[in-house]
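Visitor: Take a look at the following structure, please.
Here, each number is a calculation from the coordinates, and none is a lab measurement. Predicted model, so just to flag it, every value in this text is computed and none were measured. So basically every Cβ, Gly included, is an ideal-geometry build from the backbone, and we count neighbours across all protein chains shown.
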Amino acid sequence: MTALSEQELHNLAMNIVGKHLEADGFEFLSVNSTLKKNPQFVCIKEKVLHFVVVKCISYPNDPKDLDHAKLLKMKDHAEKFEALTYYAGVGLVNAKEYSLPVYLNEDYIVDYDGLIKI
C-alpha cells in the first residue's frame, strides 16, 4: 500500500473543490496545483473575479481552522484585482482507520463544507 504524498493529497483536495466550483457555475481562468502557492483557483462567476485558496487538512486537524495571516495577505492581493477571496479547507482521512494515512485506491472520508469567504 502506498500512502498518498502531500502533493497527491493536495491534488485530491483541489479536485473536490474544483468539482464544487464547476457545479456552482464558476468559470476557471487559472488553476495552480503547486503546493504552498496561492491561490489555487482564479475563477469568474457573474462577472466577478474570485480567488480560491485550497488547503488539504489531515485528521485530526479541523479543515475549518484558517491561517488568518496568510489569508489576509491573499485577500489584500485579490483586492488589487477587485476579486473576492475564499478559503476551501478539505479534510481527508482513511475510512478504515483514522490513524492511518490515506492510501492510493482505498476509501477515504471527506470533510468539506464549501467555501469560506475571507
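Visitor: For Phe81 and Glu27 in one chain, what is 0.36 nm times their gap in residues minus the Cα-Cα distance, to one decimal in nm?
Guide: That pair, Phe81 and Glu27, stretches by 17.8 nm at full extension.
Visitor: Enter the angle in degrees (range 0 to 90, nearest 10) between the Cα long axis of helix 68-79 and the first principal axis of the Cα atoms of the chain, meaning the one along which they spread out most.
Guide: Result, in degrees: 40.
Visitor: Gain in length, Thr2 to Asp67, computed as 0.36 nm per residue apart minus the alpha-carbon separation, to one decimal in nm?
Guide: Extra length available between Thr2 and Asp67 comes to 20.4 nm.
Visitor: Given contacts defined as C-alpha pairs under 8 Å and at least six residues apart, what's the relative contact order of the chain, whole-number percent? Please report the intermediate quantities before stating the final value.
Guide: Details: 204 pairs, mean separation 28.8, N = 118.
Normalised by residue count, the contact order of the chain is 24 percent.
Visitor: For Lys75, list the lysines whose Cα falls under 29 Å from its own Cα; do not include residues on the same chain fewer than 8 positions away.
Guide: Straight-distance partners of Lys75: Lys19, Lys36, Lys37, Lys45, Lys47, Lys55, Lys64, Lys117.
Visitor: Between helix 6-23 and the chain, what is the angle of the helix's C-alpha long axis to the longest principal axis, kept within 0 to 90° and rounded to the nearest 10?
Guide: 50 degrees
Visitor: Something else about it: Taking neighbour counts of Cβ atoms within 10 Å as a proxy for exposure, in what order, fewest first, do Tyr98, Tyr103, Tyr112 appear?
Guide: Listed from fewest to most nearby Cβ atoms, that is Tyr98, Tyr103, Tyr112.
Visitor: Also: Viscosity 1.306 mPa s, temperature 10 °C: give me the Stokes-Einstein translational D for the chain in µm²/s, with Rh taken as the Kirkwood radius over C-alpha pairs.
Guide: 108 µm²/s
Visitor: Neighbour counts of other C-beta atoms within 10 Å: give me Asp111, Asp76 arranged from fewest to most.
Guide: On the way: Asp111 14, Asp76 10.
With the sparsest Cβ surroundings first, the list reads Asp76, Asp111.
Visitor: Please give the charge dipole size of segment 39-118, origin at the Cα centre, charges +1 on K and R Cβ atoms and -1 on D and E Cβ atoms. Round to the nearest 20 debye.
Guide: Computed about the Cα centre, the dipole is about 380 debye.
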